[in-house]
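Coordinate-derived values only; no laboratory data. Computed from a predicted model, the values in this text were never measured in an experiment. Please note: Cβ atoms are built from the backbone with ideal geometry, for glycine as well, and neighbour counts cover all protein chains shown.
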Amino acid sequence: MKAFSPAVDADPASPSDSPFLARALEVVLPDSISRFAIVMLLYIGASWGGNALTRTPAVADLIWPANGMLLAFLLSTSRRYWSVYLTSSILVNIAVHMSFGFSPGRAILFTSANTVEVIIAVSLLATKDNRKPDLTNFRTLGRFLFFGVFLAPLASTGFLEMILAVWTYPRHPELLANWFTGDVMGMALMAPLFLAIDKTELKALFAPQKRWETVAIWTAITLVSILIFTQTGLPIDFLVIPVLLVAVFRLRATGAAIGILLMAAPAVYMTERAHGAFMLSGATLAQHGFFILQLFLCVNLVIVYAVNTALGVRDKMHQEITAAFHEADALATQDHATGLANRFSFDRHLALEWQNAALQQTSLALLMLDIDHFKLYNDHYGHLAGDDCLRRIASILASASLRTSDLVARYGGEEFAVILPRVSAQGAVTLAERVRQLVADAQISHMPYTPGIVTVSIGVAAMIPDAGKDETDLIQFADRALYSAKRAGRNRVETYQNCFEIEYD
């Protein structure tokens, strides 16, 4: 809605400043002019179609689609705009009924009953955040079926019966029965259809790789329905069920809902004209055939709802299992204390990089890092402080300008390892010196140790894989270099001899 702001020199008491006027404008203006126009055009079409296509000889509706369509739009609209849509729908409903020859009194009566139905349904089903009901959820589906499909049409029928009794109109039990079942069908068919349809799903249905399948399935549903309901003599109505199941499996909620609508159109049209399987019942009254058709459509709706809900539950479980699998996989390869890769991940990654280096004949470097006199640190500060120290060293390693192809891992205890593909000894030493200095610059207190701060010793090894050697040799060389650094006084970097020199990049 557009904001109304007074001019700077406007009269303070002008009507535009009136809270009452501002509130009134909110009541009469829709949330979006374009959305309002689309909804009203669809509502006009639904009201006209309900009268033109599905009116029975008893002047009742086999399917009344307008209420379900309006309910779907209101459920996704803020409550402050309901009055705009409801008022407009009342005017449209009266006009359409009168255009089909209803008297003004009857047009107002039927419109009032329709409005009561929509108000009850939307009041009981709407959420505070105007979120569309998720009909793949069993609880939400149950609420929709009870309040929207059953209770609201029942209340509308009761309202209609009460007014007819007060006005002493001639009683028409067939009208009330068909009113109820027609509204049930309209709510059950149209509300989920418009709730399910959104830009994302429609875009997916008409994506280049999907559009032909979508059109083919909808065409098959339409042709099967025409085949079933244009002939008379063969009870082949069950043929539509497999096609609808294909639709719900392949096109899901939106596609299946549109499929049911495509199936219902020829079914209603031809049954009303005494064609199709439901004229085989031997009933002398056409109303019996209409009622059987309504039951048939209800059964198909229940099948589609149930299958789609089961598929939704399956997909949700699949997503949860996949997420749990990825989480478990991450935990299996991650050190809990530091968040770095663990020993298992290190071994797997080193073996893979060794194979790549052997295939490409490039250098593979490894840093082995040990926190100096970490046992003294734990004894003095406690194990909780020791864990915090490990995390700080891990953070320094992870932020040491490493490449995405490098891997930092906790090797065990206070030892860390860094795998550096395509790096020589000299390049690895350069990085090791950077890491050693970063740890010293962090000034982590370590009073039992003579420097008074936490330091690290680092062993470096690099080699081009050749026959007769594997990744364990690289670990052994780096470990020897680390031992050499400790023996030489700690807080230093040592490299294993006879390594190749390729700059770290």
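Before moving on, here are some points about what is shown:
- Ranking of S225, S99 by neighbouring Cβ atoms within 10 Å, starting from the fewest: S99, S225.
- Efficiency of FRET from Cβ geometry, Q231 and I321, R₀ 60 Å, rounded to 0.05: 0.80
- Value at 222 nm in deg cm²/dmol, rounded to 500, when DSSP H runs of n ≥ 4 in the chain each add -39,500 (n - 2.57): -21000 deg cm²/dmol
- Rg and Dmax of the chain, both derived from C-alpha coordinates alone, stand at 37.1, 110 Å.
- Trypsin sites (Lys or Arg not before Pro) restricted to the range 100-156 and DSSP loop, no more than 11 other C-beta within 10 Å: K128, R131
- Cβ-to-Cβ counts within 10 Å put H275, H336, H446, H380 in ascending order as H336, H380, H275, H446, the fewest first.
- Peptides ranked, highest mean first, by Cβ atoms within 10 Å: ranges 428-437, 232-241: 428-437, 232-241
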